[in-house]
1. If you add up the charges near PHE163, with Lys and Arg at +1 and Asp and Glu at -1, over every other residue whose beta carbon is less than 9 angstrom from its beta carbon, what do you get?
2. Where Lys and Arg each count +1 and Asp and Glu each count -1, what net charge lies around SER33 among other residues with Cβ under 12 Å from its Cβ?
3. Please report how far the C-alpha centroid of the stretch 140-167 lies from that of the stretch 15-89, rounded to the nearest whole angstrom.
4. Please give the calculated 222 nm ellipticity per residue for the chain, where each DSSP H segment of at least 4 residues contributes -39500 (n - 2.57) and the sum is spread over every residue; nearest 500 deg cm²/dmol?
5. Considering only the other residues whose Cβ falls under 13 Å of the Cβ of ARG128, what net charge follows from Lys and Arg at +1 and Asp and Glu at -1?
6. Starting at 0 and stepping by 10 Å, how many percent of the alpha carbon pairs of the chain end up in each bin?
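Quick note: the coordinates plus some simple rules give every number you see, no bench work behind them. All figures in this text were calculated on a predicted structure; none of them were measured in a lab. Here the Cβ positions follow ideal geometry from the backbone for every residue, glycine too, while neighbour counts run over all protein chains shown.
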Amino acid sequence: MPDANPDFLFALMRDGLITCGSAASYHGLWIRSAPDRRHLATRHARAQGCVSHRKLLFPPHHELPLVSVEDALIHALGCMDAPQAVSMVESAARAGRVKRETLWTALDSRSDARARKVLAQVIFDTDRQAQSQPEVEARLLFLAQGWEVETQVWLPGVGTVDFRIERVLPVEIDGFSTTVTGSRSPRTATA
């Protein structure tokens, strides 16, 4: 059909399933930008014009040429840059779609060392999780600077802020303020 989804068509023509960062938007996961090349999971080595992933551990989508959320995350953890992969996993965890134990158990081979290192950066504690993709990237940036970072901190007279750096500096990335009437209005980023 002329209006067929180009990603699905691409996957079907190569006997593959959309995965990794290419599957993020289909699963409703946070991602800054889709990969330049499509990522497919295949059980063969014939797929061309894409990044190919071979490890499939969970049943795929029941109708679409799309891997499970778990397989998409496993592939992203081993393939994508850490901020993108952590964002995807944290958004899935926040929505209750994946557990750390499931991913950790699946990443059991020596070749999964990088993926386990990236997975260790994900916050699964719902009280401390990021509320958006930019918050994940900011947290990883702050940590890379060697700063002590607290997440989702309650400050008297202010409310909950995204971060407190070095127990001193509150940082709000993309939040909302609540007025007396209860309506929400965008706040500007602070640092």
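1. Details: positive: ARG139, ARG164; negative: GLU135, GLU150, ASP162, GLU172.
That works out to -2.
2. Numbers: positive: ARG32; negative: ASP36, ASP81, GLU137.
Its environment carries a net charge of -2.
3. Taking the Cα centre of the stretch 15-89 as reference, the centre of the stretch 140-167 is 31 Å away.
4. Details: 7 runs with 66 residues, N = 191.
Only helices count here, giving -10000 deg cm²/dmol.
5. Numbers: positive: ARG94, ARG139, ARG164; negative: GLU90, ASP125, ASP127, GLU135, GLU150, ASP162.
Taking every Cβ under 13 Å from that of ARG128, the sum is -3.
6. 9, 33, 30, 18, 9, 2, 0
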